[in-house]
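First up is the structure itself, then whatever we jot down about it.
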Amino acid sequence: MTDLSVAPQPVSGHGLLAGRTAVVTAAAGTGIGSATARRLLDEGADVVVSDWHERRLKQTEEELAAAYPDRRVASAVCDVTSTEQVDGLIAAAADRLGRIDILVNNAGLGGETPVVDMTDEQWDKVLDITLNGTFRCTRAALNYFRAAGHGGVIVNNASVLGWRAQHGQAHYAAAKAGVMALTRCSAVEAAELGVRINAVAPSIARHPFLDKVTSSDLLDRLAEGEAFGRAAEPWEVAATIAMLASDYTSYLTGEVVSVSSQRA
């Protein structure tokens with residue numbers, strides 16, 4: 001009998017994205033973004049990874065290029081709170097890869113502060129990166145897809161907190177609920193451009209960076225509440241993102257797919 005409390009090893013790629021090109025934001029480091037870049041490469045795509053942290057981004061690019069010598073891997077520094085940098089990212093990616101087929105909006109920022117103690121700055125920063133950043137990248141990609149005329153796919157990273165309440169997460173939950181609404185509305189508009197837009201909503205995917213910004217006790221409690229008794233591995237979320245980016249979901253748009261094993 002399979003023990004679902006033990007995280008499985010990543011599955012092999014199946015060529016779902018062969019010949020495609022992709023941009024992944026917030027892809028440096030060890031989280032869902034870098035796992036997504038790796039999964040897209042596993043599935044045959046060429047990838048531009050982006051992040052605001054130049055040193056970590058360069059390290060990620062070098063690691064991916066070494067691991068996937070038969071794929072094109074490039075990087076572009078981008079702060080998603082800057083419209084100028086976001087527009088530059090899409091332009092640079094199209095120039096380096098020849099075209100863009102997929103955008104994964106992964107950039108986001110959390111925190112743990114009760115509303116009664118939250119400052120305007122804390123609220124604004126989380127909303128600006130997590131929601132406004134997703135908007136800026138979506139807008140830039142849609143402008144590119146409209147001009148290019150070949151369609152495309154956008155996958156946003158939301159969260160189950162867009163549906164559920166959790167102490168100290170009002171800013172993050174509000175931002176992720178906004179990402180869900182943005183996904184639905186922009187998908188309706190993008191259909192006429194031949195563009196599909198969907199989102200994933202992970203419950204908890206644990207990685208070293210998350211442990212740095214969130215209490216280990218809280219993460220342990222959240223993981224224990226899952227039906228499998230563990231957090232997701234970042235690659236498990238990334239695999240769902242790759243599926244949404246592929247032709248296996250050609251009739252799916254404006255949807256938010258929960259990546260969760262939480263008990264009903």
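The values are calculated or read from the model by the stated rules, or taken from the named source; none is laboratory data. Everything numeric in this text was worked out from a predicted model, so none of it was measured. Cβ: placed from backbone, ideal geometry, glycine included. Neighbour counts: every protein chain shown. When the accessible area is computed, the model is the full protein with side chains, heavy atoms only, and any ligands, DNA or RNA have been set aside. Shrake-Rupley method; radii C 1.70, N 1.55, O 1.52, S 1.80 Å.
Worth a mention:
- Qualifying residue in segment 82-99 (condition: closer than 25 Å to Ala205 by Cα and outside any helix (DSSP H, G or I)): no
- Segment 72-92 residues that are open to solvent by 60 Å² or more (accessible area, probe 1.4 Å), paired with ones that are outside any strand (DSSP E or B) and acidic (Asp, Glu) (beta carbon under 9 Å, 6 or more apart): Val77/Glu54; Gln85/Asp79
- Residues of segment 132-176 classified as farther than 15 Å from Asn106 by Cβ, charged (D, E, K, R) and in contact with a Gly (Cβ under 6 Å, 6 or more places away or on another chain), total: 0
- A single entry from Gly254, Gly178, Gly194 fulfils the requirement of being at pLDDT 95 or above and in contact with a Lys or Arg (Cβ under 6 Å, 6 or more places away or on another chain): Gly254.
- Checking each residue in segment 167-178 for being part of a helix (DSSP H, G or I) and either surrounded by fewer than 18 Cβ atoms within 10 Å (Cβ to Cβ) or aliphatic (A, V, I, L, M) (or both) picks out Ala170, Ala173, Ala174, Ala175, Ala177.
- Top-ranked residue of segment 13-56 - restricted to ones that are of a type in the set (S, T, N, Q) and in a helix (DSSP H, G or I), ranked as surrounded by the most Cβ atoms within 10 Å (Cβ to Cβ): Thr36
Condition check ((1) surrounded by fewer than 23 Cβ atoms within 10 Å (Cβ to Cβ); (2) not aliphatic (A, V, I, L, M)) across all residues:
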residue	(1), (2)
Leu103	no, no
Gly110	yes, yes
Thr119	yes, yes
Ile129	yes, no
Leu161	yes, no
Ala165	yes, no
